[in-house]
Protein chains: 2
Amino acid sequence: MKYCSECGKTVVHRVPEGDNLPRFICEHCDIIHYQNPKLVVGCLPVWNEQVLLCKRAIEPCSGLWTLPAGFMENQESLEEAALRESDEEANANLEIESIYSVISLPHINQIYVLYRAKLLDLDFFAGPESLDVQLFNEEDIPWEKLAFKTIEFTLKRFFEDRKNDHFPVHNTVVSKRNRLGQEID
Amino acid sequence: MKYCSECGKTVVHRVPEGDNLPRFICEHCDIIHYQNPKLVVGCLPVWNEQVLLCKRAIEPCSGLWTLPAGFMENQESLEEAALRESDEEANANLEIESIYSVISLPHINQIYVLYRAKLLDLDFFAGPESLDVQLFNEEDIPWEKLAFKTIEFTLKRFFEDRKNDHFPVHNTVVSKRNRLGQEID
């Protein structure tokens, strides 16, 4: 950030009075421009024994497989965001079952929230951000071609939890410091 | 948003090609300035039968009671944000137990994430954003003087769940359309 989005004048980067982190400040408007993590929200769509994955058509990780998920918009709930992204990326008709993984990625300022969801029919097809959408049995998951560690973490937990038909929320941190699978709690 | 934060020129507000929502766009830099919901993260600190509340010293809702919580910063995990806010507002020494409530507030573009936490000692005291910090038994909770519906929702669920010593994650929406207590799942 170089300019104030309210007045167009140059901002400075310093610690405001009473704060302990440097912020972008407009000394003309007297506004502090805070910067905060973004939410990435989506679904783990399930059809009988299979799960639905999307092959990404866009960067990052174009050509690799992922669960339908994307940046949450203003004026929607987490569930609405999860269903919207699944519709946009896979035209998937889903019914949300429960919140399932909540993952912090502090090194890239993102929080993932993924929901388990029941796929209601087989009328899915790739949206503009996907090259392909397919159902996979556990043994056919392309583990080496998954786009993100958050997706690998969520799928691994799901196949474990499915053995017991018990799906608690999994809250973890995926970062450069904390390798995949090291859960906080 | 009126000006591009990268170049200082005026932005326009229109739907970008391939998108379906209006965005602030800088036609000089060719940048789309997305706006996304913010995370408010905090703790429900527990000491034996009591819970810790903070009396707010700042607007909104100055003088009303809340759980220690605030806007998540970049480069931290949800758990780190929850502990940092509890330290800043109540100087509370806590050990996180589990993620507990996840609440969408689409009308104000906020998502609350609150953790159950064990208070480790009684050395808490009000930080600069609090007028007072106190422990409350269930029967003494100032229900009519709570700052936010998210806090009322979380405390009510906690006292119910405590009867069974079982604390599932509560995921809900608090909005103008969906009154307090109407859980999604």
**OP:** Could you size up the charge dipole of region A:38-173 around its Cα centre, putting +1 on the beta carbon of Lys and Arg and -1 on that of Asp and Glu, and report it in debye to the nearest 20?
**Re:** 500 debye
Subject >> On Cα atoms only, tilt of B:149-164 relative to the major axis of chain B in degrees >> reply: 40 degrees
**OP:** Extending each Cα 7 Å along its Cβ direction at A:Arg14 and B:Asp121, get the distance between those two points in nm, one decimal.
**Re:** 3.6 nm
Subject >> Positive-end residue of B:Met1, B:Asn48, B:Leu120, charge dipole of chain B with Cβ unit charges >> reply: B:Met1
**OP:** For every other residue with a beta carbon closer than 14 angstrom to the beta carbon of A:Ile25, add +1 if it is Lys or Arg and -1 if Asp or Glu, then tell me the sum.
**Re:** -1
Subject >> Whichever lysines have a C-alpha closer than 16 Å to that of A:Lys2, once near sequence neighbours (fewer than 8 apart) are set aside >> reply: B:Lys2, B:Lys9
Subject >> Under 19 Å from the Cα of B:Lys55 - lysines, other chains or at least 8 residues apart >> reply: B:Lys145, B:Lys149, B:Lys156
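Using the Kirkwood radius built from alpha carbon pairs, what does the Stokes-Einstein equation give as D for the protein assembly as shown at 20 °C and 1.002 mPa s, in µm² per second? Spell out each step's value before the answer.
Working: Rh = 22.0 Å.
Rounded to a whole number, D works out at 97 µm²/s.
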Original post:
Highest GNM mean-square fluctuation, chain B, Cα pairs closer than 10 Å: which of B:Ile99, B:Ile58, B:Ile111?
Top reply: B:Ile58
Original post:
What FRET efficiency comes out for the pair B:Leu131/A:Phe71, r = Cβ-Cβ distance, R0 = 30 Å, nearest 0.05?
Top reply: 0.20
Original post:
Build a GNM of chain A with springs between Cα atoms under 10 Å: which of A:Leu114, A:Leu39, A:Leu122 gets the top mean-square fluctuation?
Top reply: A:Leu122
Subject >> Dipole magnitude of the protein assembly as shown about its Cα centre (Cβ charges: Lys, Arg +1; Asp, Glu -1), debye to nearest 20 >> reply: 720 debye
Original post:
So, how do all the Cα-to-Cα distances of chain B break down into 10 Å bins, in percent, from 0 on up?
Top reply: 9, 32, 30, 16, 11, 3, 0
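Under the √(5λ) rule applied to the eigenvalues of the Cα gyration tensor, what semi-axes describe the equivalent ellipsoid of region B:69-141? Give them in Å, descending. Mind showing how you got there, number by number?
Numbers: eigenvalues 89, 46, 38 Å².
So the equivalent ellipsoid measures 21, 15, 14 Å along its semi-axes.
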Original post:
Using Cα atoms only, what is the angle between the long axis of helix A:78-90 and the major principal axis of chain A, expressed in degrees (0 to 90) to the nearest 10?
Top reply: 60 degrees
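Using only alpha carbon pairs under 8 Å that are at least six residues apart, calculate the relative contact order of region B:38-173 and give it in whole percent.
Working: 285 pairs, mean separation 42.8, N = 136.
Relative contact order for region B:38-173 comes out at 31 percent.
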Original post:
Using a Gaussian network model of chain A with C-alpha springs under 10 Å, which one of A:Asn171, A:Asn48, A:Asn91 is most mobile by mean-square fluctuation?
Top reply: A:Asn48
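What number, rounded to the nearest 500 deg cm²/dmol, is the helix-based mean residue ellipticity at 222 nm of chain B, given -39500 (n - 2.57) per DSSP H run of at least four residues and division by all its residues? Show your work: numbers first, answer last.
Details: 2 runs with 29 residues, N = 185.
That calculation yields -5000 deg cm²/dmol at 222 nm.
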Original post:
In nanometres, what is the gap between the two model label sites at A:Glu160 and A:Tyr34, each 7 Å from Cα along Cα-to-Cβ?
Top reply: 3.5 nm
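Quick one: if the Förster radius is 35 Å, what FRET efficiency do A:Lys145 and B:Asn91 give, using the C-beta to C-beta distance and rounding to 0.05? Spell out each step's value before the answer.
Values: r = 48 Å, r/R0 = 1.38.
With a Förster radius of 35 Å, E is 0.15.
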Original post:
By counting other Cβ atoms within 10 Å of each Cβ, how are A:Tyr3, B:Tyr115, B:Tyr34 ranked from fewest to most?
Top reply: B:Tyr34, A:Tyr3, B:Tyr115
Original post:
Quick one: A:Phe159, B:Phe124, B:Phe167, B:Phe153, fewest Cβ neighbours within 10 Å first, how do they rank?
Top reply: A:Phe159, B:Phe167, B:Phe153, B:Phe124
Original post:
So which lysines pass the test for A:Lys163, namely a Cα distance under 20 Å, with those fewer than 8 places away in the same chain ruled out?
Top reply: A:Lys118
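Rounded to the nearest 20 Debye, what is the dipole magnitude of region A:100-167 about its Cα centre when Lys and Arg each give +1 and Asp and Glu each give -1 at the C-beta? Walk me through the numbers before you get to the answer.
Values: 8 positive and 12 negative charges, 72 e Å.
So the dipole magnitude of region A:100-167 works out to roughly 340 debye.
With N set to the number of residues, divide the alpha-carbon radius of gyration of region B:11-76 by 2.2 N^0.38 Å and report two decimals.
Numbers: Rg = 19.8 Å, N = 66, 2.2 N^0.38 = 10.8 Å.
Relative to the 2.2 N^0.38 Å estimate, region B:11-76 comes out at 1.83.
Only the coordinates and a few stated rules stand behind these numbers; no lab work does. Note that this is a predicted model, so its numbers are computed, not measured. For neighbour counting, all protein chains shown are included, and Cβ atoms are generated from backbone atoms with ideal geometry for every residue, glycine included.
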